[in-house]
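We did not get these values from a lab; they are worked out from the coordinates using the rules stated. Bear in mind the structure is a predicted one, so any value in this text is a computation, not a measurement. Cβ coordinates were reconstructed from backbone atoms using ideal geometry, including for glycine residues, and neighbour counts include every protein chain displayed.
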Amino acid sequence: METLLRARATQCFDFDTSSTRYHGQNALSLARISKLAYKDNATLEQVVTAKLGFRHFQIFSNQGTEAYLMADDEKMILAFRGSDHIQDWFNDLDIDLIGGPMGGKVHEGFTRMFHFVWRDLQVAIRELKAEAAAQNRSLPLWVTGHSLGAALATLATAYLREKDQPVQGLYSFGSPRVGDRTFARHFNADFGDKIFRVVNKNDIITRLPPRALSYSHVGQLYFFDGLGKLHTDSTVWYRFLDSVKVHAADLFDLDFSGMENHDVGAYVQATFQGRYGHRPGVAA
């Protein structure tokens, strides 16, 4: 009976562990994990272990930074919790660029938050990989997060790659910019074809911090338009940029009232529609 229940639970989390390209089902599954990361820890652990079938679940929490490492016999997933207080990032967090991984500079506030959990994360990932190797299994690692969680997921992947640690893929949802052009160039040269940066419609958070402050995005853009159609052609995105200008001088005067396209639930719906061709009939 226990084996049957675990098999049913595993079926609830459909995931292709061999894929190194953008995969619609993987995007949907990781968007759902990113949404779950906003739940309280007890609820999250119950869902991840009892419903999704992960045998290992570990919480990393320090000074407001929260990350979750889950694993079954085929994969590891590292997810970072986002923030419910988007505007606070730009009012309270230091947006100066400081030295970071890949020989570039990165957002000081995001980096400070990330380092609260980085050391413990490294140990846990190394232990899980060693356990799998002892059993003659591979255990590919996927990293994900939404919003602030996406920024932290990007930093985690960059630091892991800087140490030549294998990462199967990074799916970020509604990510702000994390580093400067040098960081983006070096990171993309090393890992850019496995960074899947998902943007839903006119999500304003993905425009911040502005390019005028030397920030630049990493990875491949996957953009869902107003009809839910997925685009990988950046010209569609740039046409949108022509209609929405964000200048450095306006950084603290942005209107954050229309945040529905940044909501993690909107990303789950967009990836569901991208996977199945229609919106979910019930809350995803």
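A few remarks follow.
- Net length gained if the chain between S61 and L213 were fully extended (0.36 nm per residue, minus Cα distance): 51.7 nm
- Segment 179-209 versus segment 27-71: alpha-carbon centroid distance in Å: 24
- Under the simplified labelling scheme, the K51-N202 pair shows an inter-label distance of 3.4 nm, with each label point 7 Å from Cα along Cα→Cβ.
- Net length available on complete extension from K39 to E108 is 22.2 nm, with 0.36 nm assigned per residue and the Cα-Cα distance removed.
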